[in-house]
1. List pairs: first residue in the range 61-86 and touching a residue at least 40 places away in the same chain (Cβ under 8 Å), second residue surrounded by fewer than 21 Cβ atoms within 10 Å (Cβ to Cβ) and of a type in the set (Lys, Arg) anywhere in the structure, Cβ distance under 8 angstrom, at least six positions apart or on different chains.
2. Can you tell me which of 273, 269, 287 is in a loop (DSSP other than H, G, I, E, B), in contact (Cβ under 8 Å) with a residue 60 or more places away in the chain, among the β-branched types (Val, Ile, Thr) and closer than 28 Å to residue 320 by Cβ?
3. Which residues, counting only those in the range 1-56, are under 26 Å from residue 229 (Cβ atoms) and among the polar types (S, T, N, Q)?
4. Which condition number in (1) surrounded by 21 or more Cβ atoms within 10 Å (Cβ to Cβ); (2) over 30 Å from residue 183 (Cα atoms) is the one that residue 214 fails?
5. Is there a residue being surrounded by fewer than 16 Cβ atoms within 10 Å (Cβ to Cβ) and more than 19 Å from the chain's Cα centre (by Cα) anywhere in the range 241-248?
6. Go through 123, 155, 184, 115 for me and flag whichever is crowded, with 16+ Cβ neighbours inside 10 Å and not polar (S, T, N, Q).
7. Among the numbered conditions (1) on the phi < 0 side of the Ramachandran plot; (2) assigned to a loop (DSSP other than H, G, I, E, B), tell me where residue 234 comes up short.
8. Taking the conditions exactly as written (crowded, with 23+ Cβ neighbours inside 10 Å, touching a residue at least 24 places away in the same chain (Cβ under 8 Å) and not in a loop (DSSP other than H, G, I, E, B)), does residue 207 satisfy them or not?
Amino acid sequence: MIHFDSDYMAGAHPEILEALVRTNLEHTAGYGNDHYTAEAKALIRKAVGVEDAQVFFLVGGTQTNATVIDGILARHEGVIAADSGHIAVHESGAIEASGHKVLTLPHHSGKLCAEEVKRYISEFYRDETYPHMVAPGMVYISQPTEYGTIYSLAELEALGAVCRKHSIPLYIDGARLGYGLKAEGADFSLRDIARIADVFYIGGTKVGALFGEAVVVTNPKLLRNLFPLVKQHGALLAKGRLLGLQFGALFRDGLYEHIGEQAVKHAITIRETFRKAGYEIVIESPTNQQFVRLPNEVIDRLHQDMSFDYWGSRGESESIVRFVTSWATTDEDIERLKELVG
């Protein structure tokens, strides 16, 4: 069985596992106070080009979003996000559970529009009754988005400018950032992300790690006391070196970028295979997620040899499905898919 359901179905990249096994019997200080974690933080600071950036390692994406957003917002504030955003749709109300409302705006292929964000904030403060309402305290975006699309550098700059004008932080969810950096037509770098965003995280769970996300804080005015908040959210790993070792392996010799590049190459082949076979590509995704409309009988036939997800509910005669590649996708997997699609 070939698996295209998600990008975190396999365990971890062999180089990461080797690092974990090699150091398994070492005794190090807990909670990330070890030299492996210190090295990983230094490598990330170098990669993003911000020497004084704060770097924190957490275990999972939802946990990271809930912790960061709770740490940034005042009690009366909410977070602006696309109505398709992960925090608005697929995190079981984690943000609301921490006491903050997700203020949704319509998405455009998964993305927020800077002008619409600007209009929302401006109109909010034009309303004389605004003290009775949840104030927009920050902006959240995913890069890439849940639709596999990416913000261009110009779009990121525009959102950053709106946030600066209104003195609110821009937070970027980078669960799949490694695939976005290597996406077709991507014109932004990790250093651009660090320059534009006040806070962002580099996803490890979906990009080769066994688990883990690296939060990077580039705005020195924010999250000065994130460490205790991480613990309050149950997100502090006692054996913190396990996170440091993984991100050290990802960033020491360019493994993170290599993983993204290979997965995107395979995903584009999948997209063009379905297109050549005459099937509709629903979203022109340049990343490792591909969305195709297929007759249900074709879906049922393919499911005999491979797994992949429905994007929404199953239709009466045809449905939209999603194929996702990862570091673990092989050339053989892609060749087999091409044979089966015909």
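Throughout, read-outs are computed from the coordinates displayed, never taken from laboratory work. Keep in mind that this is a model prediction, so the values were computed, not measured. Here Cβ is always computed from backbone atoms with ideal geometry, including for glycine, and neighbour counts include all displayed protein chains.
1. Note: pairs meeting the criteria are 78/101; 79/101.
2. On the way: 273 fails: in a loop (DSSP other than H, G, I, E, B); 269 fails: in a loop (DSSP other than H, G, I, E, B).
Checking each option against the conditions leaves just 287.
3. 28, 33, 37, 54, listed by residue number.
4. Condition not satisfied by residue 214: (2).
5. Within the range 241-248, the subset surrounded by fewer than 16 Cβ atoms within 10 Å (Cβ to Cβ) is none.
No: zero hits.
6. Of the residues listed, the single one that is crowded, with 16+ Cβ neighbours inside 10 Å and not polar (S, T, N, Q) is 155.
7. Just one mismatch for residue 234, condition (1).
8. Working: crowded, with 23+ Cβ neighbours inside 10 Å: yes; touching a residue at least 24 places away in the same chain (Cβ under 8 Å): yes; not in a loop (DSSP other than H, G, I, E, B): no.
So residue 207 fails the test.
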